[in-house]
Structure formats: structure tokens, C-alpha cells
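The structure under discussion appears below in the form of C-alpha cells.
The values are calculated or read from the model by the stated rules, or taken from the named source; none is laboratory data. Note that the structure is predicted; figures quoted are calculated from it, not measured. Cβ: placed from backbone, ideal geometry, glycine included. Neighbour counts: every protein chain shown. Protein only, heavy atoms only, side chains kept; ligands, DNA and RNA dropped before computing areas. Shrake-Rupley method; radii C 1.70, N 1.55, O 1.52, S 1.80 Å.
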Amino acid sequence: MAVKSSPKTEPRSSVEDDLAELTSLLAVTFHDLSSAAPAPMAMREAMERSSLGKRHAGALLAVAAAEPVSVSDLAKRLGLLLSSTSTLVGELSRAGLLEREEDEADRRRTIVRVHEDYREAMEAWLEVAFAPVRRALERLSPQARAHFMEGWRVLGEEAALQGSIEDRRAGCEP
């Protein structure tokens with residue numbers, strides 16, 4: 001995809017123009033990222049045997065990127081309710097992809113990590129899956145990277161706020 005010329009030489013675009021471009025960029029980028037690095041065969045087979053879907057792959061990637069991680073921290077990372085995250089973790093654990101254990105410091109907490117049988121494959125998958133993101137961040141100056149990350153945080157906050165509003169309208173708990 002062609003990169004637009006420097007913003008210093010272009011007139012400022014409107015929020016609506018930026019929104020239109022961002023909508024297109026997000027759709028294409030997420031599609032390209034998700035299809036560029038399929039899960040390793042052993043993991044796909046384990047997921048298929050247990051009838052697990054794409055939502056499980058996202059949770060598995062999040063665990064691998066942060067392991068060991070508590071179920072409550074994983075829920076925050078995924079933007080899901082604790083009960084939904086616990087269900088995902090249970091299904092991934094029964095499929096043999098995750099290991100669960102009590103937190104020694106706080107027995108109320110459950111810690112999860114990728115099962116050792118899949119850890120090496122998962123690390124290799126993460127390296128490939130995150131490579132375009134890593135390269136993009138490396139191409140940015142520290143200041144541009146800080147602005148980029150700030151923009152994503154603001155977008156995340158707005159998405160979470162909108163989700164809370166929609167939950168309240170539907171009569172669900174936030």
C-alpha cells in the first residue's frame with residue numbers, strides 16, 4: 001500500500017477524511033496480519049479437535065505474549081468479562097494448550113501459561129505474527145511512536161466507553 005506524502009507538505013485533512021482512511025487501513029491491515037501467520041499445525045489440530053475458534057486463538061496469543069498471566073489480567077488485556085475469560089481459559093486448558101495453576105502468593109488467583117508441549121511453537125508463531133508490528137514501530141521515531149501509541153490508547157478508551165454504553169442500553173453489566 002502506498003504511503004501518503006509527509007503531513008508537512010499536505011493540507012490538513014478533516015476528521016471525516018481521516019476516519020474514512022483509517023477505516024480502510026484497519027480492515028486491510030487486520031486482514032493481512034491475521035492471514036500472514038497461521039497458527040502452527042500442531043496448535044491448529046489441537047484447536048480443531050476441541051472445536052475451538054478464532055476467539056480462542058486471540059486469547060492464546062495474549063497469554064503467550066504476557067505469560068505467565070493471571071486470568072483477571074488476561075481479561076483486562078482482552079477487554080472481556082472475567083467469566084468469559086475464565087471460560088476461554090478452561091476450554092484452552094482442556095484442549096491441552098494452556099496450563100493453569102494457583103498463584104502461590106494469592107490462592108484466589110489463577111495463573112495461566114502456554115502448555116510446555118506448545119511453548120516453542122508458540123514463541124516462533126509470535127515472532128512471525130508480531131514481526132510486521134515490530135518493524136512498523138521500529139520505523140517510527142520515538143516521538144512518532146509515542147504519538148502512535150497514544151492514539152491507540154485513546155481509541156481503546158473510546159471503544160471501551162462505547163462498549164459500556166451499549167452494555168447499559170442492553171441491560172447488561174459493564
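Overview of results
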| item | result |
| --- | --- |
| Packing rank of 66-76, 127-137, where each peptide gets the mean count of other beta carbons within 10 Å, highest leading | 66-76, 127-137 |
| Residue (of 105, 154, 93) at the positive-pole extreme of the chain, dipole from beta-carbon charges | 154 |
| Student exercise, the chain dipole from Lys, Arg, Asp, Glu Cβ charges, in Debye to nearest 20 | 200 |
| Simple spin-label estimate for residue 15 and residue 130 in nanometres, 7 Å along Cα-Cβ | 3.4 |
| Listed residues 99, 16, 158, most fluctuating in the chain (Gaussian network, C-alpha, under 10 Å) | 16 |
| Top positive-direction residue, dipole computed over segment 1-129 with Cβ charges, set 23, 65, 37 | 23 |
| Solvent exposure of the chain as accessible area per residue, Å², 1.4 Å probe | 71 |
| Whole-angstrom gap from segment 83-138 to segment 52-68, using each part's C-alpha centre | 5 |
| 0 to 90° range, to nearest 10: angle between helix 116-139 axis and the chain longest Cα axis | 10 |
